[in-house]
Number of protein chains: 2
Amino acid sequence: MFEPRRIRHCRVCGHPARYAVPPEDTRERAICTACGEIQYENPINVVGTVPAWGDQVLLCRRAIEPRHGLWTLPAGFLELGESTAEGAMRETDEEAGARIELGALFTVLNVVSAGQVHFFYLAQLQDTVLAPGPETLEARLFREHEVPWDELAFRTVRETLRLYFADRERGRFEVHAGDIR
Amino acid sequence: MFEPRRIRHCRVCGHPARYAVPPEDTRERAICTACGEIQYENPINVVGTVPAWGDQVLLCRRAIEPRHGLWTLPAGFLELGESTAEGAMRETDEEAGARIELGALFTVLNVVSAGQVHFFYLAQLQDTVLAPGPETLEARLFREHEVPWDELAFRTVRETLRLYFADRERGRFEVHAGDIR
């Protein structure tokens, strides 16, 4: 999450940090008052999938905050040591216990206010056996007219589903890049 | 940069942190031994452009480490408060002083070993007036056969240029997503 001015101490030596613009920089950074270490804060990535089974898509009802009880595509934070595709597959397994064949990158959506970039990949479910993990209350398949549009957890999920059904309707999927403001 | 186990102290209270797997997690995180704060480390994003002028593309020779003296497309770390497109435009201005019209997202390349995801956008130069910033030794235009392939700074730059000339040859640009291993 985007938490500006969250760094109060140096991660190297533990002494207090203060925010100032370093030499040859243009932005305020957390700088250690003792050792001079500069700590940068950057947007982080969220990765997920649009798992399809025939004319249905898989959604998960969140068992955790934020947005407890609302519906989402399986997605979560990209970890060090994995690619965006690998992270999207891992999250689909963790949140829904779903076996998928990963498809192409589908949406790349900036959520500047949250300091996040969200990636969703197309995916084909290999069967309908689902085994939701502890972060999911339930996982189930929805036809387009069944999607709980008013109970979706995130705007990037809404936008990705909207683009998915539009592209499916015209018979051609392409990559969509944009911003959620 | 990907610097695992770099966190030695809590950013909230400054007390020592140690790496352990938190409850209900699967990965080791830096956890404060005093206040319990968990500090996550995630991949960061690099954003840039492929600025074109007729049959030429703009490259910058780096005045900074890493890869001092080698050639790169204008690119740098995505900052909080900006979208990937905005960051790509900012970096093009900072590194080359180039006026561009930003085009479509072109490459999304994971560099897992570096803990990075690189984004390059197509761009049209508006004129050939360049004003390289302090991070750039020189900026100039190259035709395809002039590109210094053996003196490129980063593999994502090489791959993006390769894809750019291939797509230009066939007369159609599309988004390319993949990994640099």
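The values are calculated or read from the model by the stated rules, or taken from the named source; none is laboratory data. Because the structure is predicted, anything quoted here is derived from the model rather than measured. Cβ coordinates were reconstructed from backbone atoms using ideal geometry, including for glycine residues, and neighbour counts include every protein chain displayed. Keep in mind that these areas ignore ligands, DNA and RNA; they rest on the heavy atoms of the full protein, side chains included. Shrake-Rupley method; radii C 1.70, N 1.55, O 1.52, S 1.80 Å.
Tabulated data
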| quantity | calculated |
| --- | --- |
| Per residue value of the accessible surface for chain B (all protein chains in place, 1.4 Å probe), Å² | 46 Å² |
| Pseudo-label separations to other copies for A:Arg143 - Cα-to-Cβ vector, 7 Å, nm | 6.0 |
| Amide H partners (placed H, <5 Å) of A:Val117, local residues excluded | A:Ile44, A:Asn45, A:Val46, A:Val111 |
| Residue-level accessible surface for B:Ile44, protein heavy atoms, 1.4 Å, Å² | 30 Å² |
| Rounded if a/c under 1.5, otherwise prolate or oblate - segment A:44-179, Cα gyration tensor axes | rounded |
| Apportionment of accessible area to carbon and sulfur, chain A, percent (1.4 Å) | 49 percent |
| Cα shape, segment B:1-41, gyration tensor, a/c 1.5 rule | oblate |
| Cβ neighbours within 10 Å from other chains - mean over B:44-51 | 2 |
| The protein assembly as shown shape via C-alpha gyration tensor axes, a/c threshold 1.5 | oblate |
| Shortest-first nm distances, B:Pro16 label point to equivalent points in other copies (7 Å, Cα→Cβ) | 2.4 |
| Copy-to-copy label separations for B:Asp93, where each label sits 7 Å from Cα toward Cβ, in nm and ascending | 4.4 |
| Amide H contacts of A:Arg6 (H built 1.01 Å from N, under 5 Å, at least 5 apart or other chain) | none |
| DSSP beta bridges in the protein assembly as shown [antiparallel fraction, %, rounded to 5] | 70 percent |
| Degrees separating the helix A:155-170 axis from the principal Cα axis of chain A, which is the longest one | 40 degrees |
| Segment A:1-41: relative contact order in percent, alpha carbon pairs under 8 Å with at least 6 residues between | 31 percent |
| Rounded tilt (10° steps) of B:84-96 against the dominant C-alpha axis of chain B | 60 degrees |
| Longest exposed-site-free window of chain A, the sites being GluC sites (Glu not before Pro) in a DSSP loop that have at most 12 other C-beta atoms within 10 Å | A:25-173 |
| Residue-averaged [θ]222 nm for the protein assembly as shown, counting only DSSP H segments that reach four residues, each worth -39500 (n - 2.57) | -5000 deg cm²/dmol |
| Inter-centroid distance (Cα atoms) of segment A:36-54 relative to segment B:80-121, Å | 16 Å |
